[in-house]
Amino acid sequence: MTSPLLALPGAVPADAPDQDVAAHYGDPFREQRRLESGVGAVDLSHRPVLRITGPDRLTWLHSLTSQHLEALPPGVASEALILSPTGHVEHALYLVDDGATTWVHIEPGTAGTLVGWLDSMRFWSKVEIEDASTSYAVVWQPVTEPSDAHVSRVVTASDGVLAGRDLFVPREQLVAFVREPAGIWAYEALRIAAGQPRLGFETDHRTIPHEVNWIGRAVHMDKGCYRGQETVARVHNLGRPPRRLVMLHLDGSDSQLPAHGDAVELDGRAVGFVTSAARHHELGPVALALVKRSTPEDAELTAGGIAASQQSLTRAEL
């Protein structure tokens, strides 16, 4: 669904899968600085919005996902994953419950598959699942910004997390609500600098939660059975994940950024791939990459042919 904010002066469409919102409105570095100073909002209205209602909604979600949700208090933000039977990441859910409804936003292009699977898993549970994307839009803003949105999901700063507020705004109010817009390039630069993974960027068909630091944030280690739990527990307790997420500080003399999927190489040998890249207003050109765990942390790498140094993002418990 193309955002009406793309009609604003200076708006430049982003690349897929974010093509329905603006990459920037003329000055991406200024937009980054304004967001970091606590001013502005990012149009994420291309992200699907799901509403889950019914008295069993939280216990039902608790049984299906990697997160402990059965006693989730109203207004508390949470993340949850849906894993394959072998523990690979299939969906990432960003959610909040308002006491009557669980509000969820997910990656563009994933709503049909996810809603279909959730609907097939209802069985006797008293839940209803609605794709509310035509009625509600997601907006992100710094937590310092005042909000009068219908529902908000507040995320506080911690290691590997971009602090801010996800707001579920009635779609007809989107233009009036986003008074000082920043493009998704600015948002992505802040996300990458925080080391926060994004489904479809930092993940592929083999990704397990440990590799991208989703343990603790989106995977609760003290809950009951769910699909993929055996792999999660085995890797957590007995082994090490085969890959790890790192930040790459790129050689700023190159005018290009590496693309998603470009090889990360050590002495001419591929050891991983670039997942996301951006130009940060303070850090310069940076990227996230998935590399083999055996890659020395002090190794000098190339990413898409660009010289790069590593910064580990792996938490101590991994």
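The values are calculated or read from the model by the stated rules, or taken from the named source; none is laboratory data. Remember, predicted model here, so these are calculated numbers, not experimental data. All Cβ positions, glycine included, derive from the backbone under ideal geometry; neighbour counts span all protein chains shown.
State all residues of segment 178-212 that are over 12 Å from the mean Cα position of the chain (by Cα) and part of a loop (DSSP other than H, G, I, E, B); if no residue qualifies, say none.
Selection gives VAL178, ARG179, GLU180, GLY183, ASP204, HIS205, ARG206, THR207, ILE208.
With the structure loaded, tell me whether VAL246 is assigned by TED's automatic domain parsing to the domain that holds PHE29 and crowded, with 22+ Cβ neighbours inside 10 Å or whether it fails that test.
no
Would you be able to tell me the number of residues in segment 14-45 that are of a type in the set (S, T, N, Q) and either within 14 Å of ALA189 (Cα to Cα) or in contact with a Gly (Cβ under 9 Å, 6 or more places away or on another chain) (or both)?
The qualifying residues number 1.
Of the conditions (1) touching a Gly at 6+ places or on another chain (Cβ under 8 Å); (2) in a loop (DSSP other than H, G, I, E, B), TRP140 fails just one. Which one is it?
All conditions are met except number (2).
So which residues in segment 218-236 are under 15 Å from the mean Cα position of the chain (by Cα) and surrounded by 22 or more Cβ atoms within 10 Å (Cβ to Cβ), if there are any at all?
Of everything in segment 218-236, just one residue is under 15 Å from the mean Cα position of the chain (by Cα) and surrounded by 22 or more Cβ atoms within 10 Å (Cβ to Cβ), namely VAL219.
Can you work out which of the residues in segment 48-71 that are among the hydrophobic types (A, V, I, L, M, F, W, C) and assigned to a loop (DSSP other than H, G, I, E, B) is farthest from SER3 (Cα to Cα)?
Per the stated criteria, the residue is ALA71.
Taking into account only those residues within segment 213-267 that are among the polar types (S, T, N, Q) and in a loop (DSSP other than H, G, I, E, B), which is farthest from THR59 (Cα to Cα)?
SER253
May I ask you to list the residues in segment 99-116 that are surrounded by 14 or more Cβ atoms within 10 Å (Cβ to Cβ) and either closer than 19 Å to LEU58 by Cβ or of a type outside the set (Gly, Ala, Ser) (or both)?
Across segment 99-116, the qualifying residues are THR101, THR102, TRP103, VAL104, HIS105, ILE106, GLU107, PRO108, THR110, LEU114, VAL115.
Looking only at segment 251-310, filter to residues that are closer than 16 Å to GLU202 by Cα and without any contact (Cβ under 8 Å) to a residue 24 or more places away in the chain; which one of those is surrounded by the most Cβ atoms within 10 Å (Cβ to Cβ)?
Of everything passing the filter in segment 251-310, PHE273 is surrounded by the most Cβ atoms within 10 Å (Cβ to Cβ).
In segment 97-115, what count of residues is obtained for those that are closer than 25 Å to GLU211 by Cα and either outside any helix (DSSP H, G or I) or under 13 Å from the mean Cα position of the chain (by Cα) (or both)?
Looking only at that region, the number is 7.
Can you tell me which residue is farthest from LEU114 (Cα to Cα) among those in segment 72-89 that are in a strand (DSSP E or B) and small (Gly, Ala, Ser)?
SER78
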